[in-house]
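Have a look at the structure below, then the notes.
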Amino acid sequence: MFGNKLESMKQMNQMRVKMKRLEKDLMALSFEAKSKNDLVTCVSDGKLN
């Protein structure tokens, strides 16, 4: 029973590490979209602010 809890805690820690890495990757992304007639351009990055 204790082994199962320890294994679950390890898995949760691994998931937390993966989520932090994913957040960093998303914050590094940026993309640009243009309308068909090039009148509107939208630039976005992964930052929340």
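In segment 40-49, the count of residues that are at negative phi, surrounded by 10 or more Cβ atoms within 10 Å (Cβ to Cβ) and in contact with a Ser or Thr (Cβ under 6 Å, 6 or more places away or on another chain) is one or more.
Tell me which residues, restricted to segment 1-35, are under 17 Å from ASP45 (Cα atoms) and assigned to a helix (DSSP H, G or I). Please lay out each step first, then the result.
We begin by selecting, within segment 1-35, every residue under 17 Å from ASP45 (Cα atoms); these are 21-34.
Selection gives ARG21, LEU22, GLU23, LYS24, ASP25, LEU26, MET27, ALA28.
Conditions tested, residue by residue: (1) of a type in the set (Ser, Thr, Tyr); (2) at pLDDT below 90.
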position	(1), (2)
GLY3	no, yes
SER8	yes, no
GLN11	no, no
LYS18	no, no
ARG21	no, no
LYS34	no, no
CYS42	no, yes
LEU48	no, yes
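Residues in the chain that are of a type in the set (Gly, Ala, Ser) and without any contact (Cβ under 8 Å) to a residue 12 or more places away in the chain: 4 in all.
Among the residues here, SER30 qualifies as out of contact with any Phe, Trp or Tyr (no Cβ under 6 Å at 6 or more places or on another chain) and modelled with pLDDT under 90.
The values are calculated or read from the model by the stated rules, or taken from the named source; none is laboratory data. Remember, it's a predicted structure, so these values are computed and weren't measured experimentally. Virtual Cβ from ideal backbone geometry, glycine too; neighbours counted across all protein chains shown.
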